Amino acid sequence: MGQTIVEKILARASGKKRVSPGDLINAKIDFALGNDITAPVAINEFKKTGAEKVFDKERIALIPDHFTPNKDIQTAEQVKLMRDFARQQGIIHYYEIGRMGIEHALLPELGLVLPGEVVIGADSHTCTYGALGAFATGVGSTDLAAVMATGELWFKVPHTIRIAFHGNLPPWVGGKDLILYTIGQLGVDGARYAALEFSGSAISRLDMDARFTISNMAIEAGAKAGLIPPDEVTRKYLTGRTARPYTAVLGDEGAPVAEEYNWDVESLEPQVSLPYSPANARPVSSVAGTEIDQVVIGSCTNGRIGDLRQAAALLKGKKVHPRVRLIVIPATQAIYLQAMREGLLEIFVEAGAAVSTPTCGPCLGGHMGILAGGEVAVATTNRNFVGRMGHPESRIYLAGPAVAAASAVSGVIAHPREIGGGDAR
Amino acid sequence: MNILKGKVWTFGDDVDTDAIIPARYLNTFDPGELALHCMEDADPTFAAKVSPGDIIVAGKNFGCGSSREHAPLAIKAAGVSCVIAESFARIFYRNAINIGLPILESAQAAASLQEGRQVEINLEEGKISDLSSGSTFTAVPFPPFMQGIMAKGGLINYIREKKNKK
Ligand code: SF4
């Protein structure tokens, strides 16, 4: 019987010929990640294991990105704890502001996570690297501590749900719309414990930026991982940036899966997820005209160069609506520089946007754009739960960069075609 | 001592980690501080009214969202002795086992137990008894491997013992 990508990767990592959904295994970890919220807890727990040295100082990344540049004394102390630990252990992949980026944009950019690998991160959006064909999943701080100490972790082998998108994407429809639509169809727990596997002609044609957006939000359907089979696009992306040799893994043709969906994208509209659930996905036209106070373009979901290009194509020569605050946050230092070279930052600033150094910031209601009670935001981030961006009575509409930019100009939620401009996809 | 006893506090489906412990409090991992804000965005009065031993009963997908271990830590530090839900989100489930917060999956118990009821739980048998009505429910048992981790008081102890044996 054939095996899926996930099964093959986990079999390799646990030294077995094959594994089946439901099996409990102990897998060797190729790469592990922690941030300024989760790593301090993990470091504390690591010390309790009795281990003196981390399993491999080249296979751990500690990235302070959530509350950095440090927003208060407590944050500064947490980051100091990470920094001291990284220095003392000789951990190579520790990046401070000025050199850092939002973890899930930074790790692929640096070639630290690769096809066929098992990657864990003490952050739920670690599933982002599934876009490279890795088994990447979010865990807790204690799990990260265990991995830092032993290089291994237990897993239950997930079943696979295959999602195929067919056809040509209409203008203004991209990776974010596909994943919001998927979550809308499956529900926030529709893929609980499962690995999502995305395929089909519409996926094959997407660049890596759009693919990362899709895998990033697999967790929002409850999934453990969200994989895209590696192909030529993946290989090209990795050329020149891989830090280690890798072996791409593909699933067997006809490998049995738990569920399979086939969706046509040709008539798909840009999607918006209404408060307070990413699963409340609707076509943008159904909420067009909703008044907004703030727009955030950034995050590990949509803070990449492709996203900024799309937003800039719409904002060029236009002004942000007087009632709206637009915050643009390139996800990494390299993206920031690229956007600067391409003149995108100038377009944003001229339009009246605030452009920030890379940070998670407002995405989790940390800092840099907190919402007041009753305020409404359109955000290219991934969660619109109660209180996610600030006051529990604020409301977040999730969307892709095109809808976000169009809405910033219009002052209300708007379809990108309404403000003109070209589709930069 | 595997018998837990306490009063029930009920919550709905898809209680997310931002509701359990909002990110605005994540600049600390001190359990005592986290406990003060436990469940704040789901029920702002929860932290003030919960008593040691009390039990959270929720619907499906409890603990969805972020991987923050601060969520089960806040619940544990608030004195909650066990969370019963129809189902748990994957990372919350792992985290609870890893830090030694007892959790039980039972759709029946989740649907039947009402707020304010006195409940007794036998963790070893996965038996949940509603002392107010006399009805009992059985939870899905954990695989032996996870029971092993819990018996050692969490993943860190489990690893430390394994290391010492080598
Ligand atoms: S950008 Fe948002 S979702 Fe992504 S890692 Fe940061 S806080 Fe989490």
Mind putting a number on the dipole of the protein assembly as shown about its Cα centre? Charges go on the C-beta only, +1 for Lys and Arg and -1 for Asp and Glu, and I need it in Debye to the nearest 20.
1400 debye
Length-normalised contact order of the stretch A:271-419, Cα under 8 Å, at least 6 apart, in percent, tallies to 34 percent
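Which of the peptides A:150-161, A:388-399 is most tightly packed, and how do the rest follow, judged by the mean count of other Cβ atoms within 10 Å per residue? Display every interim value, and only then the final one.
Numbers: A:150-161: 21.2, A:388-399: 23.8.
Order by mean packing, descending: A:388-399, A:150-161.
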Which log10 I(q)/I(0) values, to two decimals, does the stretch A:1-78 give at q = 0.20, 0.26 Å⁻¹ under the Debye formula with one point per Cα?
-0.94, -1.15
Per 5 Å bin, what is the whole-percent P(r) computed from every C-alpha pair distance within the stretch A:360-425?
4, 19, 26, 22, 15, 9, 5, 0
Cα-projected label distance for B:GLU161 with A:ASN44, points at 7 Å along beta-carbon direction, nm:
2.3 nm
For the stretch A:194-277, just list the percent of Cα-Cα distances falling in each 5 Å bin from zero outward, please.
3, 10, 19, 24, 22, 13, 6, 4, 1
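Starting from the exponent 0.38 and prefactor 2.2 Å, build the expected Rg for the stretch A:173-332 from its residue count and divide its actual Cα Rg by it.
1.14
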What are the aspartates and glutamates whose alpha-carbon lies under 16 Å from the alpha-carbon of A:LYS8, with same-chain residues fewer than 8 places away excluded?
A:ASP23, A:ASP30, A:GLU117, A:GLU197, A:ASP252, A:GLU253
I'd like the carbon and sulfur percentage of the solvent accessible area for the protein assembly as shown, probe radius 1.4 Å, heavy atoms only, ligands and nucleic acids excluded.
50 percent
Treating the beta-carbon of each Lys and Arg as +1 and of each Asp and Glu as -1, no other charges, what is the dipole magnitude of the stretch A:271-419 about its Cα centre, to the nearest 20 debye?
200 debye
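How much net charge surrounds B:ALA139 when only other residues with a Cβ under 10 Å from its Cβ are counted (Lys, Arg +1; Asp, Glu -1)? Provide the component values of the computation, followed by the final result.
Values: positive: B:LYS127; negative: B:GLU105, B:GLU125.
With Lys, Arg at +1 and Asp, Glu at -1, the net is -1.
Per-residue mean of other chain beta-carbon atoms within 10 angstrom of the beta-carbon, peptide A:121-129? Provide the component values of the computation, followed by the final result.
Values: counts 1, 5, 4, 10, 2, 2, 0, 0, 0.
The shielding value for this peptide is 3.
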Over the stretch A:271-419, what is the percentage of antiparallel beta bridges among all DSSP beta bridges, to the nearest 5?
30 percent
Given the pairs A:LYS176/A:LYS319; B:LYS49/B:LYS152; A:LYS28/B:LYS76; A:LYS176/A:LYS318; A:LYS53/A:LYS80, which are separated by over 26 angstrom at their Cα positions?
B:LYS49/B:LYS152; A:LYS28/B:LYS76
For the stretch A:405-412, in order, what is each residue's ³J(HN,Hα) by Karplus, 6.51 cos²θ - 1.76 cosθ + 1.60 with θ = phi - 60°, in whole Hz (x at glycine and Pro)?
5, 4, 5, 4, 6, 7, x, 9
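Translational diffusion coefficient, Stokes-Einstein: compute it for the stretch A:38-102 using the Kirkwood radius over C-alpha pairs as Rh, at 25 °C and 0.890 mPa s, and state it as an integer in µm² s⁻¹. Walk me through the numbers on the way to the answer.
Details: Rh = 12.3 Å.
For the chosen part, D equals 200 µm²/s.
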Cut-off under 16 Å on the C-alpha distance; same-chain residues fewer than 8 positions from A:LYS71 excluded. Which aspartates and glutamates are left, in chain and number order?
A:ASP36, A:GLU96
A:TYR261 long-range amide H proximity, modeled H, under 5 Å:
A:ARG162, A:ILE163, A:ALA164
If I build a Gaussian network model for chain A, linking alpha-carbon pairs within less than 10 angstrom, which residue out of A:GLY289, A:GLY352, A:GLY116 has the largest mean-square fluctuation?
A:GLY289
Subtract the Cα-Cα distance of A:LEU24 and A:SER286 from 0.36 nm times their separation in residues, and report this length gain in nm to one decimal.
89.9 nm
Calculate the spin-label point distance for A:ARG83 paired with A:ALA372, positioning each point 7 Å from the Cα along the beta-carbon direction, and give it in nanometres.
3.5 nm
Summarise the partner chain shielding of A:382-393 as one whole number: the mean count of Cβ atoms from other chains within 10 Å of each residue's Cβ.
5
Hull surface divided by four, with the convex hull built on the Cα atoms of the protein assembly as shown: how many nm²?
24.8 nm²
What residues qualify as long-range amide H neighbours of B:MET39, i.e. H under 5 Å apart, gap of 5 or more or another chain, H built at 1.01 Å from N?
B:ILE21
Based on the alpha carbons, how large is the Rg to Rh ratio for the stretch A:5-262 when Rh follows Kirkwood?
0.97
How charged is the neighbourhood of A:ARG59? Take every other residue with its Cβ under 13 Å from the Cβ of A:ARG59, and add Lys/Arg as +1 and Asp/Glu as -1.
-1
Using distinct alpha-carbon pairs, which all enter the 1/r mean, Kirkwood radius of the stretch A:271-419 in Å
14.6 Å
Within 10 Å of each Cβ in A:210-223, the average number of Cβ atoms from other chains
1
Charge dipole of the stretch B:34-146 built from unit charges on the beta carbon (Lys, Arg +1; Asp, Glu -1), centred at mean Cα; most positive-end Cα among B:ALA35, B:SER66, B:PRO141 is B:SER66
At 0.890 mPa s and 25 °C, Stokes D of chain B from Kirkwood alpha-carbon radius, µm² per second:
154 µm²/s
Build a GNM of chain A with springs between Cα atoms under 10 Å: which of A:ALA258, A:ALA339, A:ALA279 gets the top mean-square fluctuation?
A:ALA258
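Where both residues lie in chain B, what percent of DSSP beta bridges are antiparallel, nearest 5?
Details: 12 of 24 bridges.
Here the share of antiparallel DSSP bridges comes out near 50 percent.
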Which whole-number percent is the relative contact order of the stretch A:5-262 (Cα, under 8 Å, 6+ apart)?
24 percent
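Just subtract the alpha-carbon distance of B:ASN2 and B:SER135 from 0.36 nm times their residue separation and send over the number in nm, one decimal.
45.9 nm
Which whole-number value in Å² is the accessible area per residue of the protein assembly as shown, probe 1.4 Å?
On the way: 20440 Å² over 591 residues.
Ligands and nucleic acids excluded, the figure is 35 Å² per residue.
Summing +1 for each Lys or Arg and -1 for each Asp or Glu, what net charge is found among the other residues whose Cβ lies under 15 Å from the Cβ of B:ALA77?
Working: positive: B:ARG68, B:LYS76; negative: B:ASP30, B:GLU33, B:GLU40, B:ASP54, B:GLU69.
Summing Lys and Arg as +1 and Asp and Glu as -1 gives -3.
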State the answer as a single residue: which of B:ILE20, A:TRP154, A:VAL412 lies farthest towards the positive end of the charge dipole of the protein assembly as shown, with beta carbon charges of +1 for Lys and Arg and -1 for Asp and Glu, about the Cα centre.
A:TRP154
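Peptides B:6-19, A:217-230: what's the order by average Cβ count within 10 Å, highest mean first?
Highest to lowest by the protection proxy: A:217-230, B:6-19.
The values are calculated or read from the model by the stated rules, or taken from the named source; none is laboratory data. Being a predicted model, the structure only gives us computed values, none of them experimental. Methodologically, a virtual Cβ is constructed for each residue, glycine included, from the backbone with ideal geometry; neighbour enumeration extends over all protein chains shown. For accessibility, only protein heavy atoms count, side chains too; no ligands or nucleic acids. Shrake-Rupley method; radii C 1.70, N 1.55, O 1.52, S 1.80 Å.
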